[in-house]
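Following: one structure in structure tokens, then a few remarks.
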């Protein structure tokens with residue numbers, strides 16, 4: 001039931017986010033910003049030792065990335081997908097290999113006085129995350145440069161003009 005429900009909800013949400021590309025890009029960029037906020041929190045901000053620091057860092061970055069998408073659609077979309085993809089890949093490897101802490105567990109450990117510093121291997125994961133992010137962004141910018149006429153936001157205007165012509 002859960003798997004089937006997740007697939008159905010994912011298809012419905014995916015349809016509407018594809019139909020309304022700017023809203024979808026805003027959501028994707030906000031999610032990418034959230035991932036950047038988690039990385040920043042895990043690397044540096046955790047020393048503040050307050051739960052508001054986690055939420056301020058993650059939600060703040062999500063809002064910044066989402067708003068920037070309105071003005072720099074293509075660039076923020078590329079940056080967000082690159083950082084989100086690199087975060088998911090490295091986090092998945094970290095779950096299997098170990099020494100890559102869950103950011104939400106870090107918050108509870110800090111509150112309980114069980115956490116004093118980040119494992120040095122975390123910074124190796126962070127370096128891998130940065131490397132994958134750079135590779136992902138370069139690949140996407142090369143694809144964009146290879147087809148300079150492609151602009152995802154133009155699909156919105158073409159779709160809107162087709163609807164107007166039908167009336």
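What follows is calculated from the coordinates using simple rules that are stated; it is not laboratory data. Treat the numbers as computed from the prediction; the structure is a model and nothing was measured. Quick reminder, even Gly has a Cβ in these numbers, built from the backbone with ideal geometry, and neighbours come from all protein chains shown.
General observations
- The stretch between residue 64 and residue 135, if pulled fully straight at 0.36 nm per residue, gains 23.3 nm over its current Cα-Cα span.
- Listing 100, 15 from fewest to most neighbouring C-beta atoms within 10 Å gives 15, 100.
- Rounded tilt (10° steps) of 51-71 against the dominant C-alpha axis of the chain: 20 degrees
- GNM top mover of 53, 18, 27 - the chain, alpha-carbon springs below 10 Å: 18
- Each of 82, 108 was scored by other Cβ atoms within 10 Å of its Cβ. Arranged with the fewest first, they read 108, 82.
- Its DSSP H runs of at least 4 residues, each contributing -39,500 (n - 2.57), put the calculated 222 nm mean residue ellipticity of the chain at -28000 deg cm²/dmol, to the nearest 500.
- For the chain, the longest principal axis of the alpha carbon atoms and the long axis of helix 2-19 meet at an angle near 50°.
- Max mean-square fluctuation residue, GNM over the chain, Cα-Cα springs under 10 Å, options 95, 130, 39: 95
- Cβ-to-Cβ counts within 10 Å put 86, 6 in ascending order as 6, 86, the fewest first.
- Using only alpha carbons, the chain has a radius of gyration to Kirkwood radius ratio (Rg to Rh) of 1.05.
- Residue with peak Gaussian network fluctuation, the chain [Cα springs, cutoff 10 Å], from 13, 89, 139: 13
- The C-alpha atoms of the chain define a longest principal axis, and helix 21-43 lies at about 10 degrees to it.
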